[in-house]
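This report refers to the structure that appears directly beneath it.
The values are calculated or read from the model by the stated rules, or taken from the named source; none is laboratory data. Computed from a predicted structure; not experimentally measured. Don't worry about glycine lacking a Cβ; one is built from the backbone with ideal geometry, like all the others, and counts go over all protein chains shown. Side chains are part of the model used for accessible areas, which takes the heavy atoms of the whole protein and leaves out ligands, DNA and RNA. Shrake-Rupley method; radii C 1.70, N 1.55, O 1.52, S 1.80 Å.
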Amino acid sequence: MAKTEQRNGLELQGNTEKLTGSNGKSSSNGLEPEVNGSIPEETQVDKYGFTGGAQQSAGELAEQVPIAVLRQREAKWLEMLNSWDKWMAKKHNKVKERCQKGIPPSLRGRAWLYLTGAKVKREQNKGWFEELDIQPGDPKWVDVIERDLHRQFPFHEMFAARGGHGQQDLFRVLKAYTLHRPDEGYCQAQAPVAAVLLMHMPAEDAFWVLVQICEKYLPGYYSTGLEAIQLDGEILYALLRGVSPVAHRHLKKHKLEPILYMTEWFMCAFSRTLPWSSVLRVWDMFLCEGVKILFRVGLVLLKCMLGTQEKVKTCQGLYETMELLKKIQPQYTREGFLVQEIINLPVSEKNIEKEHQAQLRRWKESRGDLSCKSPPRMHGAKAIMSAEPPSRQELRQRPTIIVESPLAPKTEAAPEDEAKGSKKAAKANGHPTVLPPDGIVNLDDPSSTLQHTTTQGSKESLSSAEHDTYL
């Protein structure tokens, strides 16, 4: 995970095509995108966009949410997003509870944008991503990023084509970050994090969420020396003593350093470890509650794999233990089981910060001061919003689409008067209906006056200048 070219367990397949032109903008050099690995045309795509590989949904590992429940959750999330500052200030526990239940897929990208504070950052820095996007970038980072692109979820339909739009957007986001933080540059573990974000939102939004993750949630994780991740490894190991003494003794006996098994877990936020349904649920909670969720996931996995004498008997040495932790048994990563274990594990921000101070003292005694001074991390969405209170203008969702209520009386109107007439009719009948930019409508709510939308309305929604999420 050091800031040099690394394989991260994957071998390069052939030569990497350049995705940048002379001005640093993404391109395919006039060539048709070629398939990134062999994906048969007849292979079915799962609901997450995977055509194969370890992340492809196995069906039984994912929870099935009834469509009526999903529509209700969408309506609740739309209500929260329309008054985000009030909900975070007065009903944060309800927001946390709804993140624990899982954010509706259609609104996940927009919810992540709000939870991380990236929406506010984007509004406060309008045009900054575009400015970075047109710059060529530092050649040393551009070269390494280009060689990493095809390793990120090669069996996802968005990244399957080498030189395709997914890889181009991934390059743009990672290159922009190296220009935004030239002191930090690029770390290989940032690529899967950015790729997960791009599956749910446009490049500019993904860039700002990545900035927030690197600067607020996991500060110092991707800096030279990786001191922050080493410290968190020691914190995880210390917390394990209270959660599972058997697992702690086993790791201590075989001198298995935390950095050997938890680096990829934490730096990639488990995106390369868990089945995809579990990854998304973990991210929903992580972006709401902060790094304690990553600690809880790590502790649950260690407890499940090494928590009894019978289990540790099967791995008599360091190598066997490492192999065991590389292949977590599927019953422990199943979405329903894992989420409940995470929620129930009593590890708080106070526990983590207390142990963090203890590990800092030990580090200073044995190694001296940290070479990289990172800002203090924020423990989730509430801490970020409290530290930098946003204005209502910065939280406003755009564009807002007013759709005429079906209950409004039909009148003859000239084409140029239709927009005004629609708005007035809806207001007069007391049924103004505000739709999100992605056109989600709660069809199962009997109180809703919108039972259907016109084709024209759908087209307007999809052609809006701002796309909050990819469906």
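Odds and ends about this structure:
- Cα-centred dipole magnitude for segment 225-371, charges only on beta-carbon of K, R (+1) and D, E (-1), debye, nearest 20: 480
- Look at the Cα gyration tensor of segment 225-371: its axes a ≥ b ≥ c give a/c of at least 1.5 with a/b at or below b/c, and that counts as oblate.
- Per-residue HN-Hα couplings for segment 113-120 [Karplus 6.51, -1.76, 1.60; θ = phi - 60°; Hz; x = Gly/Pro]: 4, 6, 4, 7, x, 5, 4, 5
- With 20 Å as the limit, the listed pairs Lys253/Lys350; Lys86/Lys382; Lys101/Lys350; Lys94/Lys354; Lys327/Lys350; Lys91/Lys382 have Lys253/Lys350; Lys101/Lys350; Lys94/Lys354; Lys327/Lys350 beyond it between alpha carbons.
- Across segment 225-371, the relative contact order, built from alpha-carbon pairs under 8 Å that are at least six residues apart, equals 31 percent.
- Under a 5 Å amide H cut-off, with hydrogens placed 1.01 Å from N, Arg162 pairs with Glu34, Val35, Asn36 among residues at least 5 apart or on other chains.
- Applied to segment 365-379, the Karplus parametrisation 6.51 cos²θ - 1.76 cosθ + 1.60 on θ = phi - 60° returns per-residue 3J(HN,Hα) values of 5, 9, 10, x, 5, 5, 7, 10, 8, 9, x, x, 7, 9, 8 Hz, with x for Gly and Pro.
- Taking a ≥ b ≥ c as the square roots of the eigenvalues of the alpha carbon gyration tensor, segment 242-300 is prolate, as a/c is not under 1.5 and a/b beats b/c.
- Scanning residues 5 or more positions from Gly380 or on other chains, those with amide H under 5 Å from its amide H are Gly290, Val291, with H placed 1.01 Å from N in the peptide plane.
- Spacing of the two label points (7 Å from each Cα toward its C-beta) at Glu123 and Glu79, in nm: 2.2
- Rounded to the nearest whole Hz, the Karplus-based 3J(HN,Hα) values (6.51 cos²θ - 1.76 cosθ + 1.60, θ = phi - 60°) of segment 231-239 follow the sequence 4, 5, x, 5, 5, 4, 5, 5, 5, with x at glycine and proline.
- The heavy atoms of Met385 present about 40 square angstrom of accessible area, all protein chains included, probe 1.4 Å.
- Dipole orientation for segment 170-305: of the candidates Trp283, Gly220, Tyr237, Tyr237 has the Cα lying most toward the positive pole (charges on Cβ; Lys, Arg +1; Asp, Glu -1).
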